[in-house]
Amino acid sequence: MTVEKPKSDHRRVGSAYALILGVSSVLMVIGLAAVSVARVDTRSVSADNDWSESQTLALSAAEHALARISSTENWRSQLSKRVLVKMGNGKMRWQITDDADGSLTDDIEEPVLIVASGEVGQSSYKLGLRCFIVGEPLEALSKCLCAGDDILLASGSQLTGTDGVVSANDTLLTAKWSSRVIGDVEAKKVYWNYNVTGYVYKNAPAKDMPNSRVVEMYRELATDISGQTYIRRQVIGPGQNPWGSPNASGVYYLNAPGANVTIRECRLLGTLIVKCNRLTISENVLMENFRKDMPVLIVDGDLTLNYQSTGAQLSEKNEDTNFNPAGVPYEGRSDSDKSDRYPSEIRGLVHVRGDLTLDSTALVRGAVICDQSVQCNGTNEIVHDEDLSERPILGYTFGDGYLHREHWTRIMD
């Protein structure tokens, strides 16, 4: 007797096979997807590694350039071409450039830009390292006041040079009977000797003035605060900029060509570069450099110091302003009250590219370099800081000295 197999068994077998085939297909797709994801992850990790290594190579390229400079005589002419070095899984390149005028050899004191890059696979990274030449301090820094032209004292005026010499490249002229210089003087010509309390050195050789590029040099390091022509009751420093993001070195640039700028009842902890017709600093101020290798004030124009120092202070209560907030401490201390008082004076190197007028009772502790003439009308004092003539100030040196690395910038092609 023959027994016929139920048709339902065939259907069950076919369904199971289809199910197994479907599951296998899904597993295969999942497997292929997993392999693809793994490949993508591997490529991503590889790309990240290449990116990190290219950055390291860029930094290494800059250090390699600095090492070659320090070991090469006449490096400006010997190292003018691009250098390629293979290293690890990639290669590094560097080149020394003068982006100011394109010529490395025309001025041994000009700053340079080291362009350094690293390349690994498809990844590349490029940096620019700005370097300044630090040679011997200018002789002008050894003077209380050094004028590139004349120093003129008006009737009834008094100029005190403490711990240093008052120097003029041309003439020092005092009002015949009613003005005087307290301290030592040197100049090509001096009138009148009896108005000087210290020694008088006539026919003194002229002192070199700073290179005109210092304005642009510091502008490259600065945060721009242009647009301000009247600044009052403000605090500016490495941790505070009333008009934007602060500059970590406290360097700020104010561009107001052809305009007159006034600063009064303010505190600066940093370096301020002002390009204008005339800057007037009046009433009570405290200005001091944050970095000791930088000046406190550079004026590309004329400067009038009309602030009061004798018997005067910068008062938080009077100005309803906290002048030592967090980010701009005074002698290492900051607070949130408005009860402190500060000496009204300027501390550090002041450089004027135009004429300088000294009014009122201004006190400067540091040194003043004026490229042109100085007019003294009030009773002013400059107390020389001998560290200025011993510690190099960036941009105020001469000769081909060592390279000072200042800051890095990312370069995008």
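The values are calculated or read from the model by the stated rules, or taken from the named source; none is laboratory data. Bear in mind the structure is a predicted one, so any value in this text is a computation, not a measurement. All Cβ positions, even for glycine, are placed from backbone atoms using ideal geometry, and neighbour counts span all protein chains on display.
Residue pairs, Cβ under 6 Å, 6 or more apart or interchain, first in the range 313-339 and of a type in the set (Lys, Arg), second modelled with pLDDT of 95 or more and part of a loop (DSSP other than H, G, I, E, B). List them.
Correct list of pairs: Lys338/Asn322.
Quick check: anything in the range 75-84 outside the structural domain of Leu221 (by TED's automatic domain parsing) and assigned to a strand (DSSP E or B)?
yes
Working only within the range 287-301, note down all residues that are free of Cβ contacts under 8 Å to residues at least 60 places away in the same chain and either part of a helix (DSSP H, G or I) or aliphatic (A, V, I, L, M) (or both).
Leu297, Val299
Could you say whether any residue in the range 48-69 is crowded, with 17+ Cβ neighbours inside 10 Å and either assigned to a strand (DSSP E or B) or at positive phi (or both)?
Within the range 48-69, not a single residue is crowded, with 17+ Cβ neighbours inside 10 Å and either assigned to a strand (DSSP E or B) or at positive phi (or both).
Identify the residue in the range 365-413 that is in a loop (DSSP other than H, G, I, E, B) and of a type in the set (Gly, Ala, Ser) and, among all such residues, is farthest from Arg347 (Cα to Cα).
Filtering the range 365-413 for residues that are in a loop (DSSP other than H, G, I, E, B) and of a type in the set (Gly, Ala, Ser), the one farthest from Arg347 (Cα to Cα) comes out as Ser373.
If you go through the range 332-354, how many residues are of a type outside the set (Ser, Thr, Tyr) and buried (at least 20 other Cβ atoms within 10 Å of the Cβ)?
8
Regarding the range 250-269, can at least one residue be identified that is farther than 22 Å from Tyr218 by Cα and crowded, with 20+ Cβ neighbours inside 10 Å?
yes
Of everything in the range 223-254 that's among the aliphatic types (A, V, I, L, M), under 23 Å from Asp293 (Cα atoms) and modelled with pLDDT of 95 or more, which residue is nearest to the chain's Cα centre (by Cα)?
By that ranking, first place goes to Val251.
Counting only residues that are part of a loop (DSSP other than H, G, I, E, B) and under 26 Å from the mean Cα position of the chain (by Cα), which one in the range 180-222 is farthest from Ser373 (Cα to Cα)?
Ala222
In the range 99-179, which strands (runs of 3 or more DSSP E) lie fully inside it and hold 3 or more residues that are outside the structural domain of Arg213 (by TED's automatic domain parsing)?
112-120, 123-137
Considering each of Thr304, Thr321, Thr280, Thr262 in turn, give the residue that is of a type in the set (Ser, Thr, Tyr) and part of a loop (DSSP other than H, G, I, E, B).
Testing whether each residue is of a type in the set (Ser, Thr, Tyr) and part of a loop (DSSP other than H, G, I, E, B) leaves just Thr321.
From the residues in the range 276-300 that are basic (Lys, Arg) and modelled with pLDDT under 95, which one is surrounded by the most Cβ atoms within 10 Å (Cβ to Cβ)?
It comes out as Arg291.
Any residue in the range 90-97 that is in a helix (DSSP H, G or I) and surrounded by 14 or more Cβ atoms within 10 Å (Cβ to Cβ)?
The answer is no; no qualifying residue exists.
Being among the aliphatic types (A, V, I, L, M), over 13 Å from the mean Cα position of the chain (by Cα), buried (at least 16 other Cβ atoms within 10 Å of the Cβ) and modelled with pLDDT of 95 or more is the requirement here; does Ile273 meet it?
The answer is no for Ile273.
Restricting the search to the range 175-221, which residues are buried (at least 19 other Cβ atoms within 10 Å of the Cβ) and among the small types (Gly, Ala, Ser)?
Within the range 175-221, Ser179, Gly183, Ala187 meet the criteria.
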